[in-house]
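A quick write-up on the structure given underneath.
The values are calculated or read from the model by the stated rules, or taken from the named source; none is laboratory data. This structure is a prediction, so every number in the text was calculated from the model and none was measured. Positions of Cβ are backbone-derived with ideal geometry, glycine not excepted, and every protein chain shown enters the neighbour counts. Note: accessible area is taken over every heavy atom of the protein model, side chains too, but ligands, DNA and RNA are not part of it. Shrake-Rupley method; radii C 1.70, N 1.55, O 1.52, S 1.80 Å.
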Amino acid sequence: MRPSWNWKWLIVIAALGCPHSRTNAQTPSADKCPRPTAGSTVPEPPDLRSENGVLEVELAFRSFAGADGQTRYCYLSPDGSEAPTLRLKPGDQLVLHLKNELAVAAQSKGTSAGPSTPSMKMGMAGGSMAMPMSTAAASPCASPAMTAVSTNLHFHGLTIPAVCHQDDVMNTMIQPGDPPFEYRFQIPADEPPGLYWYHPHIHGLTKAQVLGGASGAMIVEGIERTNHELAGLPERVMIVRDQDLVNPNAAPAVGIVALPPPVLDAEGDAMNTGTGSGKPAKDLSLNFVPVPYPNYPPAVIAMKPSERQLWRVLNASAITYLNLQVLFGNAPQALGVVGMDGVPVDENGMSGDQALWVKHVGVPPGGRMEFIVKGPPEGVKGILVTRSVNTGAVGENDPERTLANIVASAAAPEPRSKLAVSPQPLPPATLPWIGNTKPVRTRRLYFSEIPQDPKDPNSPTTFMITVEGQAPKPFDMNTTVPNIVVQQGDVEDWIIENRTQELHDFHIHQIHFMLMDWFGLHVDEPFLRDTVNVPFWDGKSPDFPMVKLRMDFRDPNSVGTFVYHCHLLEHEDGGMMGLIRVEPRSQSATK
Ligand SMILES: [Cu+2]
């Protein structure tokens, strides 16, 4: 039986991004992290594909102080390609050797990654560990302390164990001078096909490294096995990253009348103007092609006229929300969403071959959207924009901007990858659809913030996510006591409330969840997410906005201790994170 598509969650997909709808020179030597210039054609990230069931990768993690004073971070493979897309099939093994080649000297001169930055202060104020600058040798699996140049990797979205050499971010810290650190794990045979990603996850440093460009895509192949509409489509990966403004002192360009001067928050970011325009908190780039404020010179996407493609879009921004739309002239075009957060939209096994046709897609930081796009006919101008996102009274400013011109031409090169023409359909899921399971309990959690001076929005803020009934406190990396203990096999409902006047972006490692209620709307989405926007409080309503999530701890790989947090990385670095332990199912409970 096929469920009828429900208008309520169509609204939610489109609205998740907008609840109210609407560094100093290191050396002048060779640029270690070369980036395209503004206005360039959007390049495809390089691909590294598994062969015979294995993908072995060497990545060097480097930093470079650009001429604009910002520190860039990059993952480089031995052939010099940057931030490669790792492509594997379910069941394949990934062996990734990560060499930390960050320059200690570069970090101690007050670059955006240095220990004197606001995010670091907040991390420390937020109860993070001590951060000695020593890089004394210790096992990267049990590093006693982190430094300003420590790093590690999180494989966002994968259901793999949270242990060292796989997906642990609590104890794994790789220092410059350490030998290459080996990540080695198997993509689960039942991992849903789709778009995943990798990025560093050192609490207190995550924002600086991700903002500098430390991120890359990962694809579990076979999405065309879930949906006949995808057979044979060319596919392209698009990664939106943010960075500090290249022209922070420029006045907004054309067309803005009597806009109040931007108010900056404690991190120096422009606060939400509530107008959908004005100075953004951060600049954006599309596959590293910068689209800087104030003129936003668009990047160029070349397509054959009217060609259908699968766009696999990752919001790898540290703090910027996206609300993407494709327009031909002024007309928004239908986008056929087929995957979200790495999971095909027909994951419930009942709705195969469906795409959700929407006119815009909200993508929170950390989120992924995979959708079918039809290119413009020859001679018609297409554009890819991010509409403004209302982040709340104390949120950052995410104004509307054009990211790229879509140029149709018969001579446009085809994307490098094409989905299989006659794919074998994916076998149905072995576990019952989570929407049909009974939760064993309901928990309530809430986001909260405490500014040092409640009257001063510029005062440093402590960020927290608290399990109701526990004392609110910012995350402490030294803690070994989990906030939540769950038994593997259980399904739980979590209500996440937002008691602050800005959006937060709930994310949990290792598992996916189903969105049941959003902003008072019962949605029962027939698909899964790992990252979801929690609407902001208006400062007046008697009730706080909330989302209700059905959390799936049935996968044996979820056993272990891992984190949930806000994916606005300055919030995570500032303490908005909690610890969960999933205990192995006891003998007596196992049938
Ligand atoms: Cu947040």
For the chain, what is the charge dipole size about the Cα centre, in debye to the nearest 20, if Lys and Arg each add +1 at the Cβ and Asp and Glu each add -1 at the Cβ?
540 debye
Would you please classify the overall shape of region 394-484 from the alpha carbon gyration tensor, given that a ≥ b ≥ c denote the square roots of the eigenvalues, rounded means a/c under 1.5, and beyond that prolate means a/b larger than b/c while oblate covers the rest?
oblate
Nearest-20 debye value, region 399-536 charge dipole, Cβ charges on Lys, Arg, Asp, Glu
320 debye
Cα centroid separation - region 404-460 against region 297-347, whole Å:
13 Å
Give the residue list of trypsin sites (Lys or Arg not before Pro) in region 513-569 that are DSSP loop and have at most 13 other beta-carbon atoms within 10 angstrom.
K540
Going through K359/K540; K207/K473; K359/K418; K32/K282 one by one, the pairs whose alpha carbons sit over 27 Å apart turn out to be K359/K540
Förster-model FRET efficiency, 22 Å R0, V54 and T430, C-beta, rounded to 0.05:
0.30
Got a sec? Charge dipole of region 134-235, +1 on Cβ for Lys and Arg, -1 for Asp and Glu; which of Y183, P161, T147 is way out at the positive end?
T147
Checked against the positive end of the charge dipole of the chain (+1 on Cβ of Lys and Arg, -1 on Cβ of Asp and Glu, about the Cα centre), the farthest of G53, M551, G575 is M551
In debye to the nearest 20, the charge dipole size for region 152-231, taken about the Cα centre with +1 at each Lys and Arg Cβ and -1 at each Asp and Glu Cβ, equals 260 debye
Lys and Arg at +1, Asp and Glu at -1: add these up for the other residues within a Cβ distance under 10 Å of M516 and post the number.
-2
Heavy atoms of L426: accessible area, 1.4 Å probe, square angstrom to 10
70 Å²
Shape of region 288-441 from its Cα gyration tensor (a ≥ b ≥ c, root eigenvalues): rounded if a/c is under 1.5, otherwise prolate when a/b > b/c, or oblate?
oblate
DSSP loop trypsin sites (Lys or Arg not before Pro) in region 377-466 with at most 11 other Cβ atoms within 10 Å of their Cβ, which ones?
K455
Rounded, prolate or oblate, given the Cα gyration tensor of the chain, with a/c below 1.5 counting as rounded?
rounded
Given Cβ charges of +1 for Lys and Arg and -1 for Asp and Glu, the option among L211, L335, V380 whose Cα lies farthest towards the positive end of the dipole of the chain is V380
